[in-house]
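The values are calculated or read from the model by the stated rules, or taken from the named source; none is laboratory data. Just so you know, these numbers come straight off a predicted model, no measurement behind them. Glycine gets a Cβ as well: all are built from the backbone with ideal geometry, and neighbour counts include every protein chain shown. Please note that ligands, DNA and RNA were not included when accessible areas were found on the heavy atoms of the full protein model with its side chains. Shrake-Rupley method; radii C 1.70, N 1.55, O 1.52, S 1.80 Å.
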Amino acid sequence: MRIDKNKMMNASEVAKESMEKNLVPGLAMAYIENGKVIHTETVGVANPETGEPVTNRTHFEAASLTKPVFARIVMGMAERGEIDLDAPISKYVAELMPSDDPRCADITAKHVLSHGTGLPNWGDAPLPIAFTPGTSFGYSGKGYTYLQEAVEKIRGRRLDDLMQTEIFNPLGMADAAMVWTGPLNRTLARTVDAKGELEAPRDRCQHSVALEPNSAFSLHVTIEDYPKFVENLLADEAAIEQIYSYKNPADHDVVWGLGWGTYKDIIWHWGDNGGFKSLVCFDPVTKDGLLIHTNGFNGLNVCYDVASYVAQYDFSDISEMIAHAE
């Protein structure tokens, strides 16, 4: 995959047309060439009620784009011998298993990061397990929170503290945050539903029942934050090898590695917190990539339209896989 610079400069027009069609008020996008951000752009409004435009300082809920960042924490722990990716998570937090199915005791960090736990995406414990861990694919946020509990116990620190000191501060992600706050909400985009109608202001991250960090969805970022994480990943060949070191086939030729989806020549992930939708993808060989955040329920359609135009890439298999995943 390569970013076409000529098309990149016209992407805002493609975005506007798609946003109008899909009732999406605002968008922020960043493009990476040869491992470095070469262009960021914002389109539309962050707040349809006031007309406030999207800017580089507008916050979006990154939703499931949180998962790859958390995976980076876990990989670092594995490199230091603090956690065994092949060991049952129950070895570390036997008292916190999310299911009373005996197979839950066999779930490993690799199963979580590749969505092979058999646990559902969400729900209250005790949860059912749909298949023997490691034998199939089933997208699961609950698997991530189970692994989060082990990470926090091993490190003796809450996840937001770990993210801040090990990811955000070193990479200069100055505006990234793992928990909702009142001050952050002043820069958080307002969302619209599937009909384009304005939703109520959020007083916590989507799905959350408490103001606590969640490894599956609670990252808040600006368009300047997340690309720094992608740049860092693209510069680390060992980290790319880790992603590909475990393969769990999903649907439509998508294969899930450790923390990321893989498809043909790209590594990718999507985010979906209701009115916040996002897409990130990059080619580890050409080191080109893109990131798009939106504040509309139909925002993934806009992401596909813009990404396919700029990268001349077919995202139809990925969109089909996403449609059946959650």
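Note on LYS110: aspartates and glutamates with a C-alpha under 12 Å away, same-chain residues under 8 apart excluded, are ASP84, ASP86.
Charging the Cβ of each Asp and Glu at -1 and of each Lys and Arg at +1, and nothing else, the dipole of segment 25-114 about its Cα centre rounds to 260 debye. Build a GNM of the chain with springs between Cα atoms under 10 Å: which of ALA189, ALA28, ALA87 gets the top mean-square fluctuation? Comparing ALA189, ALA28, ALA87 in the GNM, the peak value goes to ALA87. Database remark: amide H of THR108 closer than 5 angstrom to the amide H of ILE89 (H placed geometrically; neighbours at sequence offset of 5 or more, or on other chains; Pro and chain starts carry no H).
3J(HN,Hα) along segment 183-196: x, 5, 5, 6, 10, 7, 4, 7, 10, 10, 8, 4, 8, x Hz, from the Karplus curve 6.51 cos²θ - 1.76 cosθ + 1.60 with θ = phi - 60°, whole Hz, x for Gly and Pro.
Given that just one value was derived from the coordinates, which of (1) 14.8; (2) 19.4; (3) 17.2 is mean projected area of the Cα convex hull in nm²? The listed entry that was calculated here is (1). The Rg/Rh ratio of segment 111-182, with Rg taken over Cα atoms and Rh as the Kirkwood radius over Cα pairs, comes to 1.07. In order along segment 161-177, the Karplus-derived 3J(HN,Hα) couplings, from 6.51 cos²θ - 1.76 cosθ + 1.60 at θ = phi - 60°, round to 5, 4, 4, 5, 7, 9, 10, 5, 5, x, 8, x, 7, 5, 9, 6, 8 Hz, and Gly and Pro are given as x.
When the Cα positions of THR145, ALA325, GLY134 are compared along the charge dipole of the chain, THR145 comes out farthest toward the positive end, with charges on each C-beta of Lys, Arg, Asp and Glu.
Around the Cα centre of the chain, unit charges on the Cβ atoms of Lys, Arg, Asp and Glu (plus for the first two, minus for the last two) sum to a dipole of about 340 debye. Which pairs, out of LYS228/LYS264; LYS16/LYS195; LYS5/LYS287; LYS16/LYS67; LYS21/LYS287, put more than 20 Å between their alpha-carbon atoms? From the list (LYS228/LYS264; LYS16/LYS195; LYS5/LYS287; LYS16/LYS67; LYS21/LYS287), the Cα-Cα distance tops 20 Å for LYS228/LYS264; LYS16/LYS67; LYS21/LYS287.
Its DSSP H runs of at least 4 residues, each contributing -39,500 (n - 2.57), put the calculated 222 nm mean residue ellipticity of the chain at -8500 deg cm²/dmol, to the nearest 500. Ligands, DNA and RNA excluded, the heavy atoms of PHE137 present near 40 Å² of accessible surface to a 1.4 Å solvent probe. Largest mean-square fluctuation among ASP124, ASP251, ASP106, in a Gaussian network model of the chain whose springs join Cα atoms under 10 Å apart, belongs to ASP124. The modelled label-to-label distance for the pair ASP253/ARG80, using points 7 Å beyond Cα in the direction of Cβ, is 4.0 nm. GNM remark for the chain: springs join alpha carbons under 10 Å apart, and the peak mean-square fluctuation among GLU41, GLU241, GLU49 falls on GLU49. Tell me the accessible surface of TRP256 in square angstrom (1.4 angstrom probe, heavy atoms of protein chains only), to the nearest ten. Number for this one is 0 Å². Segment 130-198 and segment 59-81 have Cα centres lying 8 Å from one another.
A full extension of the chain between LYS153 and ASP317 corresponds to an added length of 55.2 nm, given 0.36 nm per residue minus the alpha carbon distance. Compared with the dominant Cα axis of the chain, that is its longest principal axis, helix 11-22 is turned about 80°. Take the Cβ atoms of LYS264 and GLU49, set R0 to 41 Å, and the FRET efficiency comes out at 0.50. Which residues does a label at HIS39 reach in segment 3-29, if reach means a backbone N under 13 Å from a point 7 Å past the Cα toward the Cβ? The answer is 3-15, 29, whose backbone nitrogens lie closer than 13 Å to the label point. Rolled with a 1.4 Å probe across the full set of protein chains, the surface gives VAL45 an accessible area near 40 Å².
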